[in-house]
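Worksheet: the structure to be examined is printed underneath.
The values are calculated or read from the model by the stated rules, or taken from the named source; none is laboratory data. The structure presented is a predicted model; accordingly, all values stated were derived computationally and were not measured. Reconstructed Cβ throughout: ideal geometry from the backbone, glycine too, with neighbour counts over all protein chains shown. Surface accessibility is based on the protein's heavy atoms, side chains included, excluding ligands, DNA and RNA. Shrake-Rupley method; radii C 1.70, N 1.55, O 1.52, S 1.80 Å.
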Amino acid sequence: MQQLLLNLDTASAPTLETFVPGQNAEVLHLFRQMAAGNSADRFVYIWGDSAVGKTHLLRAMSQLRPARFLDPASPVADFTWTPDTALYLIDDCERLSNKRQIATFNLFNQIRESGSACMIASGATSPLALPLRDDLKSRLCWGLVYQIHGLTDEEKVDALTEHAKARGFTLSQGVLPYLITHYRRDMHSLSMMLDALDRYSLQTKRTITLPLLHDLLQKRHEPI
């Protein structure tokens, strides 16, 4: 039972509803429109630092339409247009091998010719700064380009406070500021840890305080 309560891998898949927009409200609105088939935009590139939510957004979109999620580990053969796929999602473009870059370039052209499918790609930098082939970089510039901004610490605290309220548990002062500075920075991981902390509180019959958080992090072998 204890192992189950502390396991963070049982969390549900990322969704657009669980993405905290912060300064990214415009791109979240666009993705909702695309998911509903109400957008004329077919090519989008998003970029930003690690742990700002790029993969979260792409994984969320992969559940909403007939979609194919691709990343640098995906087979080259999967970077091919098929009529049953409406949305192609390519994560971490900066790490694509040369073969996958060529395949992505060809896929872009195939999608454009299809007249209906869409592509959303992500990377660590703006398109022209990517360490990719020039022809692929130019294709990634053709559509809309958005920088994904990370949440401030204050925005994270506010969002996690609402997350706790929605689930009916309270947090002692100091828990959230400590968590966001001593754990992973992305909201998906922080929310999962908060849920694990709630389960651990119920298991141990202790209130959610900073000592309880220390105890949980130690049990998970996390730095404190």
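Considering segment 24-80 alone, what residues qualify as being out of contact with any helix residue (DSSP H, G or I) (no Cβ under 9 Å at 6 or more places or on another chain) and among the acidic types (Asp, Glu)?
26, 49
Taking segment 179-194 on its own, how many of its residues are part of a helix (DSSP H, G or I) and open to solvent by 40 Å² or more (accessible area, probe 1.4 Å)?
3
Given (1) in a loop (DSSP other than H, G, I, E, B); (2) closer than 21 Å to residue 183 by Cα; (3) in contact (Cβ under 8 Å) with a residue 40 or more places away in the chain, identify the lone condition not met by residue 21.
For residue 21, the exception is condition (3).
Give the residue that is farthest from residue 213 (Cα to Cα), with candidates limited to residues of segment 144-174 that are open to solvent by less than 60 Å² (accessible area, probe 1.4 Å) and more than 22 Å from the chain's Cα centre (by Cα).
It comes out as 169.
What helices (runs of 4 or more DSSP H) completely inside segment 43-142 contain at least 3 residues that are open to solvent by less than 20 Å² (accessible area, probe 1.4 Å) and either more than 27 Å from residue 156 (Cβ to Cβ) or of a type in the set (A, V, I, L, M) (or both)?
Of the helices (runs of 4 or more DSSP H) lying wholly inside segment 43-142, those with at least 3 residues that are open to solvent by less than 20 Å² (accessible area, probe 1.4 Å) and either more than 27 Å from residue 156 (Cβ to Cβ) or of a type in the set (A, V, I, L, M) (or both) span 54-61, 98-114.
Please enumerate the residues belonging to segment 1-49 that are modelled with pLDDT under 90 and under 30 Å from residue 110 (Cα atoms).
Residues satisfying the conditions are 13, 14, 37.
Testing residue 200 on (1) closer than 30 Å to residue 99 by Cβ; (2) surrounded by 15 or more Cβ atoms within 10 Å (Cβ to Cβ), one condition comes back false. Which one is that?
For residue 200, the exception is condition (1).
Would you please list the contacts, defined by Cβ atoms under 7 Å and residues six or more apart or on different chains, that run from a residue in segment 156-185 that is at positive phi to a residue that is assigned to a helix (DSSP H, G or I)?
Filtered contacts from segment 156-185: 174/210.
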